[in-house]
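Chemist: Below is one structure. I have some questions about it.
The values are calculated or read from the model by the stated rules, or taken from the named source; none is laboratory data. Bear in mind the structure is a predicted one, so any value in this text is a computation, not a measurement. Here Cβ is always computed from backbone atoms with ideal geometry, including for glycine, and neighbour counts include all displayed protein chains.
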Amino acid sequence: MIDPDIHIMADKNAVISLVMNLVENAEKYTPATTPIEIKLSRINNDVFLQVCDQGPGIPDSEKRKIFEKFYRIGNEETRSSKGTGLGLYICRFIALKHKATMAVKDNYPQGSIFEIKFPLNA
């Protein structure tokens, strides 16, 4: 769901990188036949970008840590997905450079929602 006529002042390449990283993460952790939903909406003076997946989700105890540099969930010996632990750190950095906030929420009944809130008047 993408609302029409939404415009923000942003570094185009940085925002493309942010969205691509979130979509690639969703693809990595979501079963192949499961849809990934991208939402863009405006509520009052904020623009919300959400990438919603139906993967295994993120435990509450890990939600704050996932935005740290080089942090990856799980044990290195049992982890099945590859990565450096930089993607979400970079996404958060891009969001902060745009005076936006970034959060992760539960997607019910299963999965995660990564949400970036861009202020229109920043």
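Chemist: Looking only at the stretch 35-45, count how many residues are without any contact (Cβ under 8 Å) to a residue 40 or more places away in the chain and either within 23 Å of Pro109 (Cβ to Cβ) or among the polar types (S, T, N, Q) (or both).
Modeler: So the answer is 6.
Chemist: Say we look at the stretch 84-122 and pick out the residues that are touching a residue at least 12 places away in the same chain (Cβ under 8 Å), under 13 Å from the mean Cα position of the chain (by Cα) and assigned to a helix (DSSP H, G or I); which of these is nearest to Val19 (Cα to Cα)?
Modeler: Cys91
Chemist: For the stretch 15-33, does any single residue satisfy the condition of being touching a helix residue (DSSP H, G or I) at 6+ places or on another chain (Cβ under 6 Å) and part of a loop (DSSP other than H, G, I, E, B)?
Modeler: no
Chemist: Oh, and also: If you go through the stretch 13-31 one residue at a time, do you hit one that is modelled with pLDDT of 95 or more and either touching a Pro at 6+ places or on another chain (Cβ under 7 Å) or over 14 Å from Ile116 (Cα atoms) (or both)?
Modeler: The answer is yes, given that some residue of the stretch 13-31 is modelled with pLDDT of 95 or more and either touching a Pro at 6+ places or on another chain (Cβ under 7 Å) or over 14 Å from Ile116 (Cα atoms) (or both).
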